[in-house]
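Beneath this line is the structure, given in structure tokens, with notes to follow.
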Amino acid sequence: MKNTLRQVFHSGKFVAGFCIFAFILLMMIIYPLINPGNPLERIGVGTFAKPGTYVSLYDTVDTETETFKLADADDKRLAKILSDSDRVSMVEWLTQAEVDLTGVSMNDTEKLLDLWHANYDDSIRLKGMTKAQRNYYVRLNNSLNNASKADTLTVTDVDPDTNEVVEKTKIQKTDYVNVGDVANTKTLPLGTDNFGRDVLKELVSACGTSIMIGLIAGLVATFIGLLLGLLAGYLGGVADDIIMFITNIFTVIPSFVLLILISYSLGQDQRGATTVAIVIGLTSWVWTTRSVRSQVISLRNRDHVNLSKLSGHSLMRIIMTDILPYIASYVVMAFILQVSSGILAEAQLSLLGLGPKTTEVPTLGLMMNWAMLYSAHLNGSWWAYFPVILTIAGISFSMNLMNTGLDQVFNPTLRD
């Protein structure tokens, strides 16, 4: 056993796959300790908040400030106000106003603003410009003027006794607060999803659920395939014909179509994560059965098996002691592939809306389904789906690497 493990961990591909998978497992264990709580808790009112650190604006008002006079602060402030669409609109107005834009880039905020302030006049009526467009340019010009002129913002409050608006504090352009002094801050490395939930917390939980589904599906499929393959391969004759007849029927029917039909017939309320995993396993055993059968056929007439038959050993003992140990490595490799296939099958089912119940636990497939339904791929909210794709690819890649490494160790024809 020790020698076998030594050989396995000397395989570079197996070690690489094992390290990737171990890293994913460690994240599943450690991150909930750092960021505990329900992964489906809605912390955001809006949808698809960008990744970053969020600071309570309410708390920053009463936080002690420090004065910093940064030379490029105004430039950055103006550059932040001007979106790409605003810059395009400004260039369009200046072009129609026949302003020379030679050598001016939309990314050159200073030059663009200089031209704008020097030439813009809200009394000018450009040809073909609608009233809504003129109003837009007026608002844009006012916001640019306010940003460049106002050095102080006044915070007011309503006196509960007199109902009068009273000044609470003034905020200077040069006032800065230390984030560590603000009472409420929240770091969201992957932002929030369409429901306002922490994507990273949800992803870690979904990863654990999907791996659990893959493990259950892999156990079910491998057990059924191993049992039927052992019986068909060793017994032969009528038993082999019956088992292979059933196997061929399931081979003809596409397993994913069968999986869709079974999942649909169960109904949304009955589709828990465990139920979906069992259904996936019940439709994924065919190729394992055929492969195990072919392995057993090559072993059943070996000398040590014939000796056990002559010794009067029972069928169970012969299979368990004289056949199964010789195909154990193959069964382990089949199990790894079944787990990977189970995770991918759940993702496919959930994308079609036939996965586990959406109100219980997140899965990788459900996260993809939510992102697709709320058009995350169309509005640029990459953090809602791209990390999920990378996670699914990482799990599948790691398992396939481990399987390839095991194959190199236990298959003599592939050894260097």
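The residue list Val88, Ile124, Val165 was ranked by how far each Cα lies along the charge dipole of region 57-183 toward its positive end, using unit charges on Cβ atoms, and Ile124 comes out on top. Projecting each Cα onto the charge dipole of the chain (Lys/Arg +1, Asp/Glu -1 at the beta carbon, about the Cα centre), which of Ile30, Thr187, Thr154 comes out farthest on the positive side? Going by the charge dipole, the pick is Ile30.
From the helices alone, meaning DSSP H stretches of at least four residues, give me the mean residue ellipticity at 222 nm for the chain, per-run term -39500 (n - 2.57), in deg cm²/dmol to the nearest 500. My calculation for the chain gives -19500 deg cm²/dmol from helical runs alone. Cβ-to-Cβ counts within 10 Å put Cys207, Cys19 in ascending order as Cys19, Cys207, the fewest first. From most to least packed by mean Cβ count within 10 Å, the peptides 325-337, 255-267, 118-130 give 325-337, 255-267, 118-130. Other residues within the sphere of radius under 12 Å centred on the Cβ of Ala49, judged by their own Cβ, net out at +2 (K and R +1, D and E -1). Seen from Asn178, the other residues with C-beta closer than 9 Å to its C-beta sum to a net charge of -3, counting Lys and Arg as +1 and Asp and Glu as -1.
Of the complete DSSP H runs in the chain, those spanning 30 angstrom or more by Cα along the long axis with a mean Kyte-Doolittle score not below 0.5 are 12-34, 199-235, 324-351, 386-410. Electrostatic tally near Ile318: other residues with Cβ closer than 12 Å to its Cβ, Lys and Arg +1, Asp and Glu -1, net +3. With contacts taken as Cα pairs under 8 Å and at least 6 residues apart, region 57-183 reaches a relative contact order of 37 percent. Between Lys186, Lys50, Lys80, the Gaussian network model of the chain with springs among Cα atoms under 10 angstrom shows the greatest mean-square fluctuation at Lys80.
Contact order, relative form, for the chain: 26 percent (alpha carbon pairs under 8 Å, 6 or more residues apart, mean separation divided by residue count).
For the residues Trp370, Trp285, Trp93, a GNM of the chain with alpha-carbon springs under 10 Å puts the largest fluctuation on Trp93.
For region 3-72, the set of trypsin sites (Lys or Arg not before Pro) satisfying both a DSSP loop assignment and a count of at most 16 other C-beta atoms within 10 Å is given as Lys69. For Ala328 and Leu373, a Förster radius of 45 Å and the Cβ-Cβ distance give a FRET efficiency of 0.55, rounded to the nearest 0.05. A run of the chain free of exposed loop cleavage sites, with GluC sites (Glu not before Pro) counted only in DSSP states other than H, G, I, E and B and at most 10 other beta carbons within 10 Å, reaches its longest extent at 165-416. Take the Cα of Leu101, step 7 Å toward its Cβ, do the same at Asn301, and the gap between the two points is 8.3 nm.
Between the C-alpha center of region 265-311 and that of region 30-88 there is a gap of 53 Å. Between (1) 151; (2) 195; (3) 274, which matches volume of the Cα convex hull per residue in Å³ calculated for the structure shown? Recomputing volume of the Cα convex hull per residue in Å³ here gives the entry labelled (3). Across Tyr385, Tyr58, Tyr234, mean-square fluctuation computed from a Gaussian network of the chain (C-alpha pairs under 10 Å connected) peaks at Tyr58.
Here the gap between Leu235 and Tyr136, fully extended at 0.36 nm per residue and compared with their Cα-Cα distance, gives a gain of 27.4 nm.
With only Cα atoms counted, region 57-183 has Rg and Dmax values of 19.0, 60 Å. When Leu57, Leu364 are sorted by how many other C-beta atoms sit within 10 angstrom of their C-beta, beginning with the fewest, the order is Leu57, Leu364. Checking the cross-link pairs Lys111/Lys131; Lys50/Lys186; Lys186/Lys357; Lys80/Lys111; Lys50/Lys201 against a 22 Å limit on the alpha carbon distance flags Lys111/Lys131; Lys186/Lys357 as lying beyond it.
All of the numbers you see were taken from the coordinates with simple rules; none came from a lab. All values reported here derive from a predicted model rather than from experimental measurement. Quick reminder, even Gly has a Cβ in these numbers, built from the backbone with ideal geometry, and neighbours come from all protein chains shown.
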